[in-house]
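This report concerns only the one structure given below.
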Amino acid sequence: MAALFQKFTMKSSVFLLLLAALTCGLTRGEDGAVEELQVESLVKPETCSVLSTMGDTLQIHYTGKLMDGKVIDSSLSRDPLVVELGKRTVIAGLEQSLVGVCEGQKIKATIPSHLAYGKKGYPPTIPGDAALEFEVEVISLSKQTPWQKMVNDVFPLVCLALVPTLLALVGIYLYKKASAQKPSKKKAKDKKSKKK
């Protein structure tokens, strides 16, 4: 009986492993599935001494497409888009692809859905789980000033420290106000009778 049970569990284990491997293979085998951000430099200026970092401000022209080539958005007919890196004004994949570029550079970023619009997409233009492709030209790059760096890095921390401090002060005030002795009506009457 034990040998039969061992043989059955061995066969079922092998079957489950094969089923899991087949399932993983089918889910990964989707055509055009992009798993990670890919950035390709199309044009790079001869001199590129200043690279963008978080906190810098870029002016860019872009054309966004679905993987089948359908254009979903473009700034070419408008003013350049102003992007401050780290402020999440654009989708995460596009922001990540703009770190380490220089003024005048053109890149092509292939962005997986989890760094774009995710499972929900952006109906009706962008379907769910859609990878996107952006061609971007960096028109200008403005480095973050020390003042901006301080405001961006230190100010949020100061605000986080101030909130509990203010709450504590309000709590102390309310506690003192509630625990202060209130004159009773009897004492007030006694004082009035003494004055007469």
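The values are calculated or read from the model by the stated rules, or taken from the named source; none is laboratory data. Predicted model, so just to flag it, every value in this text is computed and none were measured. For neighbour counting, all protein chains shown are included, and Cβ atoms are generated from backbone atoms with ideal geometry for every residue, glycine included. Heads up: the accessible areas ignore ligands, DNA and RNA and are worked out on the full protein's heavy atoms, side chains in. Shrake-Rupley method; radii C 1.70, N 1.55, O 1.52, S 1.80 Å.
Numerical summary
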item: Burial order of peptide ranges 59-71, 153-165 (average beta-carbon count within 10 Å, highest first); result: 59-71, 153-165
item: Calculated FRET value between Lys44 and Lys65, using beta carbons and R₀ = 25 Å, to 0.05; result: 0.70
item: Net charge, Ser140 excluded, C-beta distance under 15 Å - Lys, Arg +1, Asp, Glu -1; result: -3
item: Order by protection proxy (mean Cβ within 10 Å, highest first), peptides 87-94, 101-108; result: 101-108, 87-94
item: Unit charges on C-beta of K, R, D, E only; dipole of region 38-147, Debye; result: 260
item: Nearest-0.05 FRET efficiency for Ile72 and Ser142, computed from C-beta distance (R0 22 Å); result: 0.20
item: Fraction of accessible area attributable to carbon and sulfur, region 38-147 (%, probe 1.4 Å); result: 52
item: Modelled FRET efficiency - R0 41 Å, Cys159 with Glu35, Cβ distances, 0.05 increments; result: 0.65
